[in-house]
């Protein structure tokens, strides 16, 4: 029997290579599109529609929890209250809070629905902190009781971009949060 894996899917382009690699490895997989960090409803919908298209092409089930950007900002504010420090200008901590928010809900859903593993398509991006993702995913997996599947998918990043272009998937140029949009604007 195939092992079941739930994949937190940040966007369609990053999902292309990761889904194919995990299917090739023999996993039964489902996508989990939970990204309350995405700034702007219009942007969120563009990414969601692209994700739905990719899932349909690959015949993969995708779970879509409700989008509420308040989840993202509340997690940042909670961090600030607990640690007595502003997080706005601290990219590493801000990303850690965002990763934890998205991976926790993914892990909890995976546990509830009896998946063997959970992982994230963020692992394909050379722009994301791999060791931070591994640490957060592993810690959450241990707390929740479902294994985090870590694999460095970055070698497939260019292939993911090619697959996205070939399939005419929307390719955004920032991670999604308002802070990354602002940082992109300053470049």
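For region 74-88, the criterion of being within 21 Å of residue 150 (Cβ to Cβ), in contact with a helix residue (DSSP H, G or I) (Cβ under 8 Å, 6 or more places away or on another chain), loosely packed, with under 15 Cβ neighbours inside 10 Å and in contact (Cβ under 8 Å) with a residue 12 or more places away in the chain is satisfied by no residue at all. The set of residues in region 135-149 that are in contact with a helix residue (DSSP H, G or I) (Cβ under 7 Å, 6 or more places away or on another chain) and either outside any loop (DSSP other than H, G, I, E, B) or closer than 17 Å to residue 24 by Cβ (or both) comprises 136, 137, 140, 141, 144, 147, 148.
Please indicate, with yes or no, whether at least one residue in region 162-169 is surrounded by fewer than 20 Cβ atoms within 10 Å (Cβ to Cβ), more than 15 Å from the chain's Cα centre (by Cα), in contact (Cβ under 8 Å) with a residue 24 or more places away in the chain and more than 29 Å from residue 45 (Cβ to Cβ). Scanning region 162-169, I find no residue that is surrounded by fewer than 20 Cβ atoms within 10 Å (Cβ to Cβ), more than 15 Å from the chain's Cα centre (by Cα), in contact (Cβ under 8 Å) with a residue 24 or more places away in the chain and more than 29 Å from residue 45 (Cβ to Cβ), so the answer is no.
Only one of the numbered conditions (1) surrounded by 21 or more Cβ atoms within 10 Å (Cβ to Cβ); (2) assigned to a helix (DSSP H, G or I); (3) in contact with a strand residue (DSSP E or B) (Cβ under 8 Å, 6 or more places away or on another chain) is not met by residue 98, and that is (3). Pairs meeting the criteria (first residue in region 116-145 and at negative phi and touching a residue at least 60 places away in the same chain (Cβ under 8 Å), second residue surrounded by fewer than 22 Cβ atoms within 10 Å (Cβ to Cβ) and in a helix (DSSP H, G or I), beta carbons under 6 Å, at least 6 apart or on different chains) are 124/156; 124/157. Answer yes or no as to whether residue 57 is more than 17 Å from the chain's Cα centre (by Cα) and either touching a residue at least 40 places away in the same chain (Cβ under 8 Å) or part of a strand (DSSP E or B) (or both). Here the answer is yes, as residue 57 does meet what is asked. Pick from region 171-187 the residues that are surrounded by 17 or more Cβ atoms within 10 Å (Cβ to Cβ) and in a loop (DSSP other than H, G, I, E, B): which of them is modelled with the highest pLDDT? Step by step, filter region 171-187, then rank; the result is 172.
The numbered conditions (1) in contact with a helix residue (DSSP H, G or I) (Cβ under 9 Å, 6 or more places away or on another chain); (2) within 14 Å of residue 177 (Cα to Cα); (3) touching a residue at least 12 places away in the same chain (Cβ under 8 Å) are all true for residue 111 except (2). Once region 9-32 is narrowed to residues that are in contact with a strand residue (DSSP E or B) (Cβ under 6 Å, 6 or more places away or on another chain) and in a loop (DSSP other than H, G, I, E, B), the residue that is surrounded by the most Cβ atoms within 10 Å (Cβ to Cβ) is 9.
The values are calculated or read from the model by the stated rules, or taken from the named source; none is laboratory data. It should be emphasised that the depicted structure is a prediction, and the values quoted were computed from it without experimental measurement. Every residue, glycine among them, receives a Cβ derived from its backbone with ideal geometry; neighbour counts consider all protein chains shown.
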